[in-house]
1. Using the scaling law 2.2 N^0.38 Å as the reference, what is the normalised Cα Rg of the stretch 44-174?
2. Residues of the stretch 103-126 with amide nitrogen under 18 Å from the 7 Å Cα-to-Cβ point of SER90?
3. Beta carbons within 10 angstrom, averaged per residue: use that to sort the peptides 78-91, 147-160, highest first.
4. From the protein chains alone at 1.4 Å, what is the descending order of accessible area for ARG141, ARG48, largest first?
5. Label points 7 Å out from Cα along the Cβ direction at GLN103 and ARG161: separation in nm?
6. Using a 1.4 angstrom probe, figure out how much accessible area the stretch 51-174 has per residue, in square angstrom, rounded to the nearest whole.
7. Which whole-number percent gives the relative contact order of the stretch 62-174, counting Cα pairs below 8 Å spaced six or more residues apart?
Amino acid sequence: VGAAILWRTTPEDDETFKAAPTTTAVAAWQSYAPTDGGFRVDFPAPPREEGSAAVPETKVERAFVATMNEHLYAVVVTDTGRPELDEGMSEEAAQSMLLGFLQRSAATTGGRVTLSLPTRVSTAPALEYQLDTGVSTSTGRVVLVGHLVFSVFVSGPSPARADVDHFVGSFSLQ
């Protein structure tokens, strides 16, 4: 999921992007919730929304992205295409599905999942993860809510741990 968004929105692809040093932490966070609900998260800058038309080869429904200090902050909402998941599934099956989701995302970038820890966001099953491509690191959380997967991550060269913790930790389901 993140791979397609990263491919389309990495700071290197934007000629007008002027990055500050990567060691600078975000000074002011801004709470953001899309108008149709679903989640709330603190972004370091106003996010832009990209729909599935931006990345037609994926099942991305919506992506909310902002760049700051050479890093991409994103919440990507992906439809699994499996409406039967709205009925629920076992914790073990959900964790396995989320790990497979991460591994497929890593494969599209030539990266690998270097960390995955089971957790929860409210009552929803989730995985904390780190994905390394050799060029950049993505650190975040994937959350399964019915047939949707929410990917909340920070990607780039050596993001400040405090920024990652704030962004990912501020994500909540609405």
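The values are calculated or read from the model by the stated rules, or taken from the named source; none is laboratory data. Worth saying up front: this structure is predicted, and the values here are computed from it rather than measured. Backbone-built Cβ (ideal geometry, glycine too); neighbour counts: all protein chains shown. Please note that ligands, DNA and RNA were not included when accessible areas were found on the heavy atoms of the full protein model with its side chains. Shrake-Rupley method; radii C 1.70, N 1.55, O 1.52, S 1.80 Å.
1. Working: Rg = 14.0 Å, N = 131, 2.2 N^0.38 = 14.0 Å.
Compared with the compact-globule rule of thumb, the stretch 44-174 sits at 1.00.
2. Of the residues in the stretch 103-126, 118-119, 125-126 have backbone N under 18 Å from the label point off SER90.
3. Numbers: 78-91: 12.6, 147-160: 21.2.
Highest mean packing first, the order is 147-160, 78-91.
4. Values: ARG141 35, ARG48 100 Å².
Heavy-atom accessible area, descending, gives ARG48, ARG141.
5. 2.9
6. Numbers: 5480 Å² over 124 residues.
Ligands and nucleic acids excluded, the figure is 44 Å² per residue.
7. On the way: 210 pairs, mean separation 31.4, N = 113.
It comes to 28 percent, rounded to a whole number.
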